[in-house]
Every structure is written in C-alpha cells, then in structure tokens.
Amino acid sequence: MDLAIRIFALLRIDRGGFVLHTLPLFSVWSYCVYLGKTLPLAMITVLLLLANYYSRKQKQVEILTSATPISSFCQIMIRTMAAGICFLLIYLVVTTLALLFYISFFRFHDFAAFILPSVLLLLPCFLFFVGLGQLLGSIHQSLIYVLILLALAFNSLPSAFDFFGAGYFSTIPLTLPAGTDGEPAFKMGISFIVLRLLYLVTGIVCIYLTTTILSRKSQKA
C-alpha cells in the first residue's frame, strides 16, 4: 500500500500527470488513459501481422488458394479473426494486469463501469486499423508500414479525434468540474462517441472493399 501511495503522489505532482491531479488511479478516467496508451503498441503488432499476409511469399500462395472453393470473403474473415485473436490476447494480459493492480492495492472491485468505455475504445480502433490495413495491404504491402507511421504520428491527440483515446481522456477531466470526492464525473462527449462509430463503420467498409478487390484479382487469375 505504501508503494501505491508513493506512485500516486508522484503522478499527482502537476496537471500533466496521469490524468488529473486529484484523480484516483482506479477511476474510469485513468483506466481509459491506460488503455489508450497501450493501444498504439497493440495496433502496431496487429498491423505487422497483417503485413505478413500481404508479403511476396503470401501472394505466391494466393495463386493456390484462389483455386480452392474458399471465397475471398472467407479469406478476409479468417485474416480478421486471426488479427482479432492476437488483439484479444494482448488485451487479456493488459486488462488482467490493471484489474489485479486495482484489487491488490485499492481493494477496488466495481469494474462494471469500465465495460462500455473499453468497448468504445478498443472495438472501433481495432476494426478501423484492421480494415484500413487490409485495404492498403491489398494494394501494396508497404502501405501498411505507412499506416503504422501515421498511427504513431497521431498518437494521443488532445481532442475527440484521438484514435487511441489517451490524449482525449487526459485532457477532458481538466475541463470538467470536480465532484464531492474531488473527481469529475465520467462522461464521453457526443462528438467522441460519434467519431468512434464512424471509425467502426469505416473499418467495416474497408473490409468490404478489400473483399471486392481480392475477388476481382482472383477472377482475373
């Protein structure tokens, strides 16, 4: 417990700390920042996995797979599911570490409030980057690496446009009035929610376009 208190004291030194100088480490705000800071690494891992699917060797294998009765849609879904399993395994570890920390140091067990923010952060981000990554990869493998660089460049934007949410959830509490417990009530702006839905839809559209491109390529072959 002494270690947790020392860590908390360090994090609340200034307003540039973890989230807010009065915010407890086990709040929904801090949990969203925690997820947002781990998302870039998780998405880079997933995009590197996708880049392997669009390598030269894999394209040679596609000549054989195109002769099988497996449709392009099924191939894309298999790739998406493989990336999804990788993503879930990463966040199984990430969330388990967070929950164990909250339980061990703060005896905090009320994690129901974390579910919806987690879904709104993780699912749109995953589908957006996986969908766009596969679309760009179907054009040229190197474009996936360009997407990785863009993901790093636009990390932690202090606005609703933040892909990963760390910048958004770090700055929004500073603009909200604190409650009786010294913590602003957790809420997500309408613009942030709408943009997350747009990212999700964009990812789905990209997956559909990728399926269309591969279908045309297989027909020409």
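Could you go through region 143-156 and let me know if any residue there is under 20 Å from Trp29 (Cβ atoms) and part of a loop (DSSP other than H, G, I, E, B).
Yes: region 143-156 contains one or more residues that are under 20 Å from Trp29 (Cβ atoms) and part of a loop (DSSP other than H, G, I, E, B).
Could you check how many residues of region 172-201 are within 14 Å of Phe161 (Cα to Cα) and β-branched (Val, Ile, Thr)?
Matching residues across region 172-201 total 4.
Test Gly203 against the criterion of being modelled with pLDDT of 90 or more and within 16 Å of Tyr54 (Cβ to Cβ), and give yes or no.
Spelling it out, it is not the case that Gly203 is modelled with pLDDT of 90 or more and within 16 Å of Tyr54 (Cβ to Cβ).
Among the residues of region 179-190, is any part of a helix (DSSP H, G or I) and either aliphatic (A, V, I, L, M) or surrounded by fewer than 21 Cβ atoms within 10 Å (Cβ to Cβ) (or both)?
Among the residues of region 179-190, at least one is part of a helix (DSSP H, G or I) and either aliphatic (A, V, I, L, M) or surrounded by fewer than 21 Cβ atoms within 10 Å (Cβ to Cβ) (or both), which makes the answer yes.
Residues of region 125-173 being farther than 16 Å from Gly189 by Cα and not hydrophobic (A, V, I, L, M, F, W, C), which ones?
Once the filter is applied, which keeps residues that are farther than 16 Å from Gly189 by Cα and not hydrophobic (A, V, I, L, M, F, W, C), region 125-173 yields Gly131, Gly133, Gln134, Gly137, Ser138, His140, Gln141, Ser142, Tyr145, Asn155, Ser156.
Can you go through Ser159, Ser138 and tell me which one is without any contact (Cβ under 8 Å) to a residue 24 or more places away in the chain, at negative phi and not β-branched (Val, Ile, Thr)?
Ser159
Any residue in region 111-123 that's within 16 Å of Asp162 (Cβ to Cβ) and at pLDDT 90 or above: show its pairings with residues that are not in a helix (DSSP H, G or I) and not β-branched (Val, Ile, Thr) at Cβ separation under 6 Å, as long as the two are six or more apart or on different chains.
Correct list of pairs: Leu121/Gly165.
Return the pair list, or none, for Cβ contacts closer than 7 Å from residues in region 163-178 that are touching a residue at least 40 places away in the same chain (Cβ under 8 Å) and surrounded by 24 or more Cβ atoms within 10 Å (Cβ to Cβ) to residues that are among the charged types (D, E, K, R) and assigned to a helix (DSSP H, G or I), at least 6 apart or on different chains.
Ala166/Lys37
Wholly within region 1-108, which helices (runs of 4 or more DSSP H) include no fewer than the required count, namely at least 1 residues that are crowded, with 16+ Cβ neighbours inside 10 Å, of a type outside the set (Val, Ile, Thr) and modelled with pLDDT of 65 or more?
28-53, 72-106
The values are calculated or read from the model by the stated rules, or taken from the named source; none is laboratory data. Nothing here was measured: the structure is a model prediction, and the numbers come from that model. Neighbour counts are summed over all protein chains in view; Cβ atoms, including those assigned to glycine, are modelled from backbone coordinates with ideal geometry.
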